[in-house]
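Peer 1: Here it is: the structure, laid out below.
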Amino acid sequence: MLDSLLALGGLVLLRDSVEWEGRSLLKALVKKSALCGEQVHILGCEVSEEEFREGFDSDINNRLVYHDFFRDPLNWSKTEEAFPGGPLGALRAMCKRTDPVPVTIALDSLSWLLLRLPCTTLCQVLHAVSHQDSCPGDSSSVGKVSVLGLLHEELHGPGPVGALSSLAQTEVTLGGTMGQASAHILCRRPRQRPTDQTQWFSILPDFSLDLQEGPSVESQPYSDPHIPPVDPTTHLTFNLHLSKKEREARDSLILPFQFSSENTKSSLLRQQALLRPRPGQATSHIFYEPDAYDDLDQEDPDDDLDI
Amino acid sequence: MARERGQLVFLEGLKSAVDVVFQAQKEPHPLQFLREANAGNLKPLFEFVREALKPVDSGEARWTYPVLLVDDLSVLLSLGMGAVAVLDFIHYCRATVCWELKGNMVVLVHDSGDAEDEENDILLNGLSHQSHLILRAEGLATGFCRDVHGQLRILWRRPSQPAVHRDQSFTYQYKIQDKSVSFFAKGMSPAVL
C-alpha cells in the first residue's frame, strides 16, 4: 500500500518525528511520481535545493521543478529574487493550473508553513490545491493532483494537526523498532470505510522504496548464535532450591499463630498460652506521663456510637 | 591568539546587552530587540553574523569553512523572543554558514524536561528536525555520581543518506576533567571496574 499512496490523489500527510525522519520517504515518493511521468513540484523551505536533490540521478533531477524558499524565505535580503507572496503565493498559483497532466506537489515542509501562516489560511489553500481535479461542472479536465506534506508531529498542537488530518485523504505516520522503519497508513476513500495498515520498509541509497515483512530476527542487537545463552543460576553463593529433606521439614513446621480447625488439645493449649499470658510471666507495661498541655478526657469517646 | 589573527569573532551577549539598553545606538545593534516593545525578528543579529563572516580584504588567505557556535538559544526565549523568530534566525544562519559558506553550526539549547514549556519544546524540536547530529547530555538516571558526571546520547540524522545505519544512536557516559572530557561505554567507568 505504501507504494501506491499517490494513486488516490489529494493530500497525503507524512507525519514524522525527530527519531524517525520522513524526508527520505518524501524523496522516495517524489522519485516514484517522477518515474511515472507526473509533473513534480517541490516547495523547498527547510533544506537547500542541493541537499534535497542529493541522491537523485540526473534523470529524476531534470523532472523536478524546484521552488526555492530556503535561501531567503522572509525576504530579509530585500532583493527581488524571492517569489512574490512567498510559499503561500506559490501554492495559490498552483491552484490555477489547467494542465491535464497529473501533478505531485511536495511540501518540505508543511510544518514550516504551519508555524508561520495561520492554520485556516493554509488549510483553505491546501484544500483548493488538492481538490482542483474534482471540481464539479468544470469543463476542462485538470489532471490528478497529489499533495505530499511533510509534518513534524512534535511541533504542533492537536488542533492544527487535527485540522490537517481531516483534510487529508491519506495519513502516513512513521515509526519503527530495532532500527527498522515502519509506516502506519490510514487511508480515507470516498464513500468507503477508512482502512489502516502497517508497512515495514527501508529506503535504498538511490531513494527506491524497499517493502519488507517486518523487523528481522537477526537484527536483534544482543543475540549471537555462536555464544550459547548463559544460565544465570550457576555458580551462585546461595541456594535457590530446597532439597527433599529441607522441603519436608518446611512442610511439617507449625506456624505459631496458625491454629488448626480441629480443636486438638495441643492446639488449644497453644492458643491459651499465646492469648492469655500466665501469671508471673513478664508482661509489658505502658507508662504514660501526660504533658501539661494534654487534655485528658476520661469519657469514653465511643459512647455516642449506637452499636 | 585566534582573536588577534581575526580567526575568532566573539559576541559577548551580556556586555552587549548592557550597551544596547543603557547607551543610545546610532546603527542597528545585534541585540536591538531588547529595546523594542514588539521585536518581531532577529534580523539585526543575523546581519551581525553575516558581516562577521564576510571575507576580510587583506593580503592573507581567506578563512574557509566557518563554524558558528551559539551559546545558548534558550536565553533568547527568556528575553522575550518567540520560538519561531529564533528558528527563523537559525534558518538564515544555516543558509549562510552551512549552505553558502560550507561551514558548520553548533547550537546549544536547554531541554525544559518535565516543566511544560511549549515555546522551548517548539524550539528544541524544530532545531532537532533541522540538525544532522544531535548530542543530548543528561544526568544519570540513578542520581549524582562523583566519577560519572552524566551520559551523552548521540543521534545521527542523515536523511540524504538513508541507508547509512538507521540505528545510529549511541550512548556514552562521561566525566568532565579540568580541560577535557573522558568518555566511556555505559558501566565501564574506571571507577567502577
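What follows draws every value from the coordinates through simple rules; no lab data is involved. Just so we're clear, the structure is a prediction, and the values are computed from it rather than from any experiment. No Cβ is skipped: glycine too gets one built from the backbone with ideal geometry, and neighbour counts run over all protein chains shown.
Peer 1: Taking the conditions exactly as written (assigned to a strand (DSSP E or B) and out of contact with any Cys (no Cβ under 7 Å at 6 or more places or on another chain)), does B:ILE154 satisfy them or not?
Peer 2: Criteria met by B:ILE154.
Peer 1: Turning to a different aspect of this structure: Can you tell me which residue in the range B:77-102 is nearest to the other protein chains (Cβ to nearest Cβ), limited to those that are in contact (Cβ under 8 Å) with a residue 40 or more places away in the chain and in a loop (DSSP other than H, G, I, E, B)?
Peer 2: Looking at residues that are in contact (Cβ under 8 Å) with a residue 40 or more places away in the chain and in a loop (DSSP other than H, G, I, E, B), I get B:LEU101.
Peer 1: From the set of residues in the range A:61-80 that are within 14 Å of chain B (Cβ to nearest Cβ) and of a type in the set (A, V, I, L, M, F, W, C), which is nearest to B:PRO44 (Cα to Cα)?
Peer 2: Here the residue is A:TRP76.
Peer 1: Mind listing whichever residues of the range A:34-57 are assigned to a helix (DSSP H, G or I) and buried (at least 24 other Cβ atoms within 10 Å of the Cβ)?
Peer 2: If the condition is that a residue be assigned to a helix (DSSP H, G or I) and buried (at least 24 other Cβ atoms within 10 Å of the Cβ), then A:PHE52 is the only one that fits.
Peer 1: May I ask you to list the residues in the range A:92-113 that are crowded, with 23+ Cβ neighbours inside 10 Å and either of a type outside the set (Ser, Thr, Tyr) or assigned to a helix (DSSP H, G or I) (or both)?
Peer 2: Those that are crowded, with 23+ Cβ neighbours inside 10 Å and either of a type outside the set (Ser, Thr, Tyr) or assigned to a helix (DSSP H, G or I) (or both): A:VAL103, A:ILE105, A:ALA106, A:LEU107, A:ASP108, A:LEU110, A:SER111, A:TRP112, A:LEU113.
Peer 1: When the residues of the range B:103-123 are filtered to those that are within 11 Å of the chain's Cα centre (by Cα) and not in a loop (DSSP other than H, G, I, E, B), which remaining residue is farthest from B:LEU135 (Cα to Cα)?
Peer 2: Per the criteria, the residue is B:ASN104.
Rundown of residues vs (1) farther than 30 Å from B:ASP121 by Cβ; (2) touching a residue at least 12 places away in the same chain (Cβ under 8 Å), yes/no style:
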| site | (1), (2) |
| --- | --- |
| A:LEU14 | no, yes |
| A:VAL18 | no, yes |
| A:ALA28 | no, yes |
| A:PHE56 | yes, yes |
| A:ASP72 | no, no |
| A:GLY86 | no, yes |
